[in-house]
Amino acid sequence: MAGAMISSVSDPLAPYSLTLPVGEAGPLVFASPHSGGLLPDDFGPVAGLSPASLRSAEDALVDRLIASAPEAGIPVVAGRISRAYLDLNRAPDELDPVLIQDCPVVGPGSAKVQAGFGVIARRAGDGASLYDRRLGMAEAEARLAHVHTPYHAALGERMESAREAHGVAILMDWHSMPSRAAGGRGRGGGGRPARGVDVVLGDRHGSSCSARLTRRLRALFEGQGWMVGMNQPYAGGYSTQIWGRPEAGFQAIQIELNRALYFDETLLEPSADYERTRTALARIIASLAAEDWRL
């Protein structure tokens, strides 16, 4: 990548990649927690689970779509481990007692946990069961220690560094959503059916970042001809919650891209619109980097 330096990763199963700009980083920090697809050897899913099920919750290619960010002075922290193994955008204590033996959680847990989508999910994104066994608490703790903790430590280091240098740190947490969640039917086959909302911005209903940031992002996406929704069905997950503290100099917003913009959800590969979407996002990223967010 021209103008960028990628940190060395010696372990092929390292839980994240960190891409840094060559020059001084600005106040923006990008993250893509769900773009990884690596499955560690100790995963142990149910036999016969299809690749489509394993990848159904993956934010496929999102890290590649935002790869121009370091050239604009924005570091990128991207998860490398599959969301089927561990969800980096859940709190570490969102443990599922149905899946995990001797789980210390008291009560049914959050709605996500009850549905099978805790920090260690028991269901794939398409609803298929991931396991025909229960996990031990030691196994769950090992996953958290080896994947969740180092990823969030790296993200935290970037955020603290940005605030120290600029007085403000702004996390943009990039995700993708199935076209069905956006109210559309995707672009599989030869037709081009309606895709619904193109982008959903989650600012935790105005609490995790300034109104200026939300307005600017919305205007940039709409400038590409994309329809933008707010906080429904995604208001922001764990990363947005812990870093959305404007009074402390930290802002955060979650960005959900409709996969129909760039991905064939049937073939699980880039669609004919992938390059157009990547180019549009590069323009948006350049505009964001040019702003003086310290004002």
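Structure data summary
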quantity: Label point distance in nm, Glu275-Ser207, each placed 7 Å from Cα along Cα→Cβ; calculated: 4.5 nm
quantity: Mean separation of Cα contacts under 8 Å, 6 or more apart, over the residue count of the chain: relative contact order %; calculated: 19 percent
quantity: Shape call, segment 110-182: gyration tensor on alpha carbons, a/c limit 1.5; calculated: oblate
quantity: Karplus-derived HN-Hα couplings along segment 222-239 (A = 6.51, B = -1.76, C = 1.60, θ = phi - 60°), whole Hz, x at Gly and Pro; calculated: 5, x, 8, x, 9, 7, 10, x, 10, 6, 10, x, 10, 9, x, x, 4, 5
quantity: Estimated 222 nm signal from helices in the chain, with DSSP H stretches of n ≥ 4 weighted -39500 (n - 2.57), rounded to 500; calculated: -7000 deg cm²/dmol
quantity: Gln101/Glu164 FRET efficiency (R0 45 Å; Cβ-Cβ; nearest 0.05); calculated: 0.60
quantity: Contact order relative to length of segment 42-188, as percent, for alpha carbon pairs under 8 angstrom and 6 or more apart; calculated: 26 percent
quantity: Where N is the number of residues in the chain, Cα Rg divided by 2.2 N^0.38 Å; calculated: 0.97
quantity: Gain in span if fully extended, Glu24 to Ala142, counting 0.36 nm per residue against the direct Cα distance; calculated: 39.0 nm
quantity: FRET efficiency, Asp41 to Ser129 (Cβ-Cβ, R0 25 Å, nearest 0.05); calculated: 0.75
quantity: Order of exposure, largest accessible area first, which applies to Arg278, Arg294 with probe 1.4 Å; calculated: Arg294, Arg278
quantity: Rounded to whole Hz, the Karplus (6.51, -1.76, 1.60) HN-Hα couplings of segment 85-90, x for glycine and proline; calculated: 8, 7, 9, 6, 10, 10
quantity: Amide H contacts of Arg245 (H built 1.01 Å from N, under 5 Å, at least 5 apart or other chain); calculated: Phe250, Gln251, Ala252
quantity: Inter-site label distance for Arg180 and Arg245 at 7 Å from Cα along Cβ, in nm; calculated: 3.9 nm
quantity: Chain lengthening between Glu222 and Ala290 when straightened (0.36 nm per residue, less Cα-Cα); calculated: 22.7 nm
quantity: Stokes-Einstein D in µm²/s, Kirkwood radius over Cα pairs - segment 206-295 at 25 °C with 0.890 mPa s viscosity; calculated: 168 µm²/s
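The values are calculated or read from the model by the stated rules, or taken from the named source; none is laboratory data. Note that this is a predicted model, so its numbers are computed, not measured. Note: ideal-geometry Cβ built from the backbone for every residue, glycine included; neighbour counts use all protein chains shown. Calculation scope for accessible area: heavy atoms of the full protein, side chains included, ligands and nucleic acids excluded. Shrake-Rupley method; radii C 1.70, N 1.55, O 1.52, S 1.80 Å.
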